[in-house]
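Accompanying notes for the structure given below.
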């Protein structure tokens, strides 16, 4: 992929969308990972206002340190960027006291973190007349559905959702995003034990990217060994998470019933 042309295209798309919606710029949640780092940098390149939010919830220190280092780098290079830290740990703890907390609900608690952050992003975006920029890539958003419904999936626009993870890394390298983020193992930062994305998914992004590219034309029976295992992981996640990728089901009333109302 021609990285410089791709960067220019996404930046132009972001700027035009903001101009057409008559908004001042973008709010981006910064996780310390490559996706949010790239998204915030692309938003910064538009020249429009960019507000980066660091939203720790009992965050691992190394994740927070990477987030902070990234926003400091952004502010140094782009005068249109600002950032603020909103510690949501107490908010999360308060909510946790009134919702299920047994071991089997750990995934629900992890998703709750993402939904609290989404609410915070929109609070700042609404106050400042900005758009919430999503940070999901193509493998996550349209491959395995690796995001929280109405959490990090709740955004106004998705600038990198047509980029495979490898392409995200390519653009990040072109933009000289800090090395600590480029070399960090991808993680969603939603778990107290610091598990990585690969720990949760059972496959690396390179493997899932391969499976996504072959899914439309191949079947599991064609593969063996690790390829067969990865293909099954992708297929199972892709099918089970369709509820995230498809439009919300709407019950359509027949015309004869509408006429009777």
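Projecting label points 7 angstrom from Cα along Cα→Cβ for residue 72 and residue 195 puts them 3.2 nm apart. Separation of the stretch 86-148 and the stretch 17-84, taken as the distance between their Cα centroids, equals 17 angstrom. Taken along the Cα-to-beta-carbon direction at a fixed 7 Å, the label points for residue 223 and residue 89 span 4.1 nm.
Note on the chain: with a GNM built from Cα contacts shorter than 10 Å, the maximum mean-square fluctuation among 15, 97, 213 falls on 97. Legend: calculated FRET efficiency, residue 97 to residue 122, from the Cβ-Cβ distance at R0 = 25 Å, rounded to 0.05, equals 0.55. Between 241, 137, 106, the residue with the greatest mean-square fluctuation in the GNM of the chain (Cα pairs under 10 Å linked by springs) is 106.
Just check the stretch 1-152 against the gyration tensor rule for me: Cα atoms, a ≥ b ≥ c as the square roots of the eigenvalues, rounded for a/c under 1.5, and otherwise prolate or oblate depending on whether a/b exceeds b/c. It is prolate, given that a/c is not under 1.5 and a/b is the larger ratio.
Coordinate-derived values only; no laboratory data. These numbers were taken from a predicted model, which means no experiment stands behind them. Quick reminder, even Gly has a Cβ in these numbers, built from the backbone with ideal geometry, and neighbours come from all protein chains shown.
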